[in-house]
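The values are calculated or read from the model by the stated rules, or taken from the named source; none is laboratory data. All values derive from a computational prediction rather than experimental measurement. Here Cβ is always computed from backbone atoms with ideal geometry, including for glycine, and neighbour counts include all displayed protein chains.
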Amino acid sequence: MSWNQLVDALRQSGALSAEWERTFRAVPRSLFTPDRILHDGEWIDRATRPKCWDDLVTADLPLVTQVYDDGTTPSSSSSMPTVVAQMLHHLNATADTRVLEVGTGTGWTAALLSHQLGAAQVTSVELDPELAAHARDRLHATGLRPTVLAGDGTLGHPAGAPYQCAHFTAAVQRVPSAAIEQVEPGGVIVIPYGTPFCNGGLLRLTVAEDGRSASGPFVEDVSFMWVRDQRPDSGDFDIEDVRHGPSALDPSEVAEHTHAAFAIGLRMPDLFRRELWAGYDRLGTGRAEVWDGVSYAHCRLADWDGRHAVSQSGPRDLWDELTAAHAWWVRNGRPDLTRFGLTVTVAGEQHPWLDEPGNPIT
């Protein structure tokens, strides 16, 4: 597939709006993609496998461009073109809009914004100085010169404030107060948001007239790597004094349903989860595990309503709480994540809600 064919597909799917089509065609992702990208656990080098590299860059796929020291966990990427198009649409930026971008990465999104709005309108902040330098070089090579800075983007860039929009390219558990303070009243913040239980949703906030808070809905189902200092840390726990019992909830109702998991995460923001295969189980089944760093629970995926399907340990009965949170989601009509929203304040308070801010999730 060529780049123009991909743009055609994005337009036909509705992901790419008409006002951004010209910019997407003029600024192909290949100009900003490093020569080595990680795909399916394998590094693809442009010099030795040019066709494979080109096929990946022109596909509607996220591309991992950097990993942490463990060699496998992604630390930077070029986002999926569909998601980039959706985020820019929700940003609703026009030619006179000043934009703060948090997470420059390869520089591709900064290039799209610069081509559409004018480079003087764009400030992009990247935590990794080497990534910032490479992105700046690529932007200059294409004739685009937005402000690209190395630093902690969650602190924004006060010298360039106020902005009309802020655009984050990594997920947060807590919306940085600097974004609210540096975006003018009525301005928009588009930011991926998640919990340790479910990452996550794309949040579109509007800053209040007093500049002290921002509120808005989740508008897309997306999953991003975390802002580095907000990566979930699951903590340690001891499993002792185990309590057994049946489950009233089929764990697949959570594992296979993003909207249910997202709702549970909003109600239980300190809860971690994973699904894994438990070959040592007498039934040879997988199981769902949840924990909060102190308490722990798991439920077998097979025979989940059996007498000993659930094991719980610690001061909280986490599986019972999860079951109650799922029942709340069912009672409210199994809402998609786009029915949820969040209100945040510069003091760091976060208040999730269903349908409208007057209906808080407790």
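Considering region 95-114 alone, what residues qualify as being of a type in the set (Val, Ile, Thr) and within 16 Å of the chain's Cα centre (by Cα)? Can you show your working first?
Residues of region 95-114 that are of a type in the set (Val, Ile, Thr), as a first pass: 97, 99, 102, 104, 106, 109.
Selection gives Val102, Thr104, Thr109.
Cβ-Cβ below 8 Å, separation at least six or inter-chain, first residue in region 156-167 and closer than 9 Å to Thr123 by Cβ, second outside any helix (DSSP H, G or I) and of a type in the set (D, E, K, R): which pairs?
Listed by first residue and then by second, the contacts come to Gly160/Arg98; Tyr163/Arg98; Tyr163/Glu184.
Asn359 fails exactly one of the following numbered conditions: (1) under 18 Å from Phe197 (Cα atoms); (2) not assigned by TED's automatic domain parsing to the domain that holds Ala260. What is the number of that condition?
(1)
Just for region 124-140: of the residues that are under 24 Å from the mean Cα position of the chain (by Cα) and buried (at least 24 other Cβ atoms within 10 Å of the Cβ), which one is farthest from Asp229 (Cα to Cα)?
So, considering only residues that are under 24 Å from the mean Cα position of the chain (by Cα) and buried (at least 24 other Cβ atoms within 10 Å of the Cβ), the one farthest from Asp229 (Cα to Cα) is Ala135.
I'd like the residue in region 346-362 that is surrounded by 12 or more Cβ atoms within 10 Å (Cβ to Cβ) and among the β-branched types (Val, Ile, Thr) and, out of all such residues, is modelled with the highest pLDDT.
Selected residue: Val346.
Restricting to region 85-122, name every residue that is crowded, with 23+ Cβ neighbours inside 10 Å and among the β-branched types (Val, Ile, Thr).
Val99, Val102, Thr104, Thr106, Thr109, Val122
Kindly indicate whether Val64 is among the hydrophobic types (A, V, I, L, M, F, W, C) and either in contact with an Asp or Glu (Cβ under 7 Å, 6 or more places away or on another chain) or assigned to a strand (DSSP E or B) (or both).
Considered against the rule, which asks whether it is among the hydrophobic types (A, V, I, L, M, F, W, C) and either in contact with an Asp or Glu (Cβ under 7 Å, 6 or more places away or on another chain) or assigned to a strand (DSSP E or B) (or both), Val64 comes out as yes.
Assigned to a strand (DSSP E or B), β-branched (Val, Ile, Thr) and over 26 Å from Arg145 (Cβ atoms) - does that describe any residue in region 41-48?
Yes, some residue in region 41-48 is assigned to a strand (DSSP E or B), β-branched (Val, Ile, Thr) and over 26 Å from Arg145 (Cβ atoms).
Scan region 194-238 residue by residue and report those that are touching a residue at least 24 places away in the same chain (Cβ under 8 Å), within 15 Å of Leu271 (Cα to Cα) and of a type outside the set (S, T, N, Q).
Passing the criteria: Gly194, Pro196, Phe197, Cys198, Gly200, Pro232, Gly235, Asp236, Phe237.
Taking the condition of being within 13 Å of Leu203 (Cα to Cα) and of a type in the set (A, V, I, L, M), how many residues in region 180-192 meet it?
Adding up the residues that qualify gives 4.
A quick yes/no check of all residues on (1) at pLDDT below 95; (2) part of a helix (DSSP H, G or I):
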site	(1), (2)
Thr72	yes, no
Gln86	no, yes
Asp96	yes, no
Thr104	no, no
Gln116	no, yes
Ala133	no, yes
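Between Asp40, Asp54, Asp8, which is more than 23 Å from the chain's Cα centre (by Cα) and surrounded by fewer than 16 Cβ atoms within 10 Å (Cβ to Cβ)?
Asp8
Looking at (1) over 22 Å from Arg274 (Cβ atoms); (2) more than 24 Å from the chain's Cα centre (by Cα), which is the only condition Val294 fails?
The failed condition is (1).
I'm checking my understanding of the structure. Among residues of region 316-338 that are free of Cβ contacts under 8 Å to residues at least 60 places away in the same chain and among the charged types (D, E, K, R), which one is farthest from Asp238 (Cα to Cα)?
The extreme case among them is Arg331.
State yes or no: is Thr206 surrounded by fewer than 18 Cβ atoms within 10 Å (Cβ to Cβ) and in contact with a Ser or Thr (Cβ under 7 Å, 6 or more places away or on another chain)?
So Thr206 fits the description; yes.
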